[in-house]
Every structure is written in C-alpha cells, then in structure tokens.
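Input: a single structure, listed below in structure tokens.
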Amino acid sequence: MAPVITLYSLAAPEKSNLRADQPILANETILLAVQAIVSARLINILIGYSDPQQIFSLLPLFESGGVDFLVLHPRTVLQEYKGLADHGITTRVVQETGLPVIANGDVRTVEDGLRVLEQTKAAGLMLGRGAIADPLLFQRLRAGRPDQPERAARAAMLRHYLAGLLERYQGIFCGEQQILGKVKSVFATMDDPDFAKQIKGLKKARTIRQFADLVVQLT
C-alpha cells in the first residue's frame, strides 16, 4: 500500500506548530514531508483552513515535490462536515494541475459517484461515510449500477456488517459500553428509512448480547 501524507493540519498552519506568519517555513515542511517518501506519494487534504481558495497555492508545492496522487475533500477545516462538499473546486483543481486527483466528499450513492466523476473529470473516487453506511457501494460503483439492492439484500448486508463490527471491536476496545459506543457510531452515517425503526432499537441496546440479538432480527 502506498504511503499517505494527510495534510489536514498543514492546511491550517495557524492551528498547528507551523506559524501562519511564516508561509515559507510551512511550504518547506510540506516539501520535506513529501520528499521523505521514496515510493508512491499520495496527499490527502482539505481545501484549506478557512479559505477555500488555499488549495490553489499548495498545488505548485505538490507538483514540485513529486506527489503522485492528490485526494481532495472540498471542505475547509472550519466547515467540518457542515454544508455540501464543493466539487466545483474539485473541478478547478483537476483543470489546474497535472496530478491525478481523487475526488472525496458526499459520495453516498452510485448516482453521487457517477455525477462527481462526470462533473470533475477526477481520476477516481475516495469513499468515506458513504461506504460505512453502504459497504456494497464500492461494488455497485465499479459496475456502474445505480440500482439499490432489494430490502432483503440490504438487510442481509446490514446484519453481516454489524455482526462483523461487533466481533472485531470486541478484540480492539475494552468494556461493554465502549464497544457498543464504537459500533453505534456508524449509525450516524445511515439514513435508510426502511431500517430507521430497527436502528433506533439498536441504538437503545444496553448490552452486547441485546445488540447482537437485535442484529439477528434485522429483516
């Protein structure tokens, strides 16, 4: 797997150990980080701290530093997940750099993914919350099939997914409440109305056994 340099904090020098009044220092630090990687270099970045245009001042650094891929999430640090990812900026970045750009942000359905690829002409997609909510999204995107699976298939996928998370998290985290809290955190990404009532019940589960029993009952 290629090393990944995530520059969320470097996009916001005033919030890190890079001083905002020393842009040359910030630029040199970025170049050193990129050049320290001797194999494929992939940059994962937001478009800026508060200024959505900040990304355009960084493109020459990435190009001169030998970056191979750029993964772009078109939100600012201050924006967090509020509002919509501005793929108009992704489009401009694709147009203004020779680097392959991977579009990230608000790809929740096959339709979203195909639209973003068509709009931006990006080299590919990175999925985050959309894939957490729908692990089969990768498969349907590759096939170019926007059709949503039938309820029974989605229920089977959800049972398999939640049971797998529960099993793995029991080997990673300690304490029943911490494990349940980590598993339940994925529900923030799920908005399928067909399972809203059952997910509400899962959120109220107080023990791992109760949660596991409710997962089995998902239909």
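Read the figures in this text as sums done on the coordinates, not as results from a lab. This structure is a prediction, so every number in the text was calculated from the model and none was measured. Quick reminder, even Gly has a Cβ in these numbers, built from the backbone with ideal geometry, and neighbours come from all protein chains shown.
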Between G128 and residues 5 or more places away or on another chain, the pairs with built amide H atoms under 5 Å apart involve G105, V107
With each pseudo-label sitting 7 Å past Cα toward Cβ, what's the S64-L78 distance in nm, one decimal? 2.8 nm
Stretch L136-K197 to full length: gain in nm at 0.36 nm per residue minus the Cα-Cα span? 19.8 nm
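Just check the range 151-216 against the gyration tensor rule for me: Cα atoms, a ≥ b ≥ c as the square roots of the eigenvalues, rounded for a/c under 1.5, and otherwise prolate or oblate depending on whether a/b exceeds b/c.
prolate
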Those GluC sites (Glu not before Pro) from the range 41-133 that are DSSP loop and have at most 10 other Cβ neighbours within 10 Å turn out to be E80
Residue by residue through the range 193-204, the couplings from Karplus 6.51 cos²θ - 1.76 cosθ + 1.60 with θ = phi - 60°, in Hz, x for Gly and Pro, are x, 5, 10, 4, 5, 5, 5, 4, x, 4, 5, 8
Any trypsin sites (Lys or Arg not before Pro) in the range 77-185 that lie in a DSSP loop and have at most 14 other Cβ atoms within 10 Å would be K82, K121
Grab the Cα-Cα distance for I172 and R159, subtract it from 0.36 nm times how many residues apart they are, and report the gain in nm with one decimal. 2.7 nm
Unsatisfied cross-links (Cα-Cα over 31 Å) in the set K121/K200; K82/K182; K121/K182; K121/K184; K82/K203: K121/K200; K121/K182; K121/K184
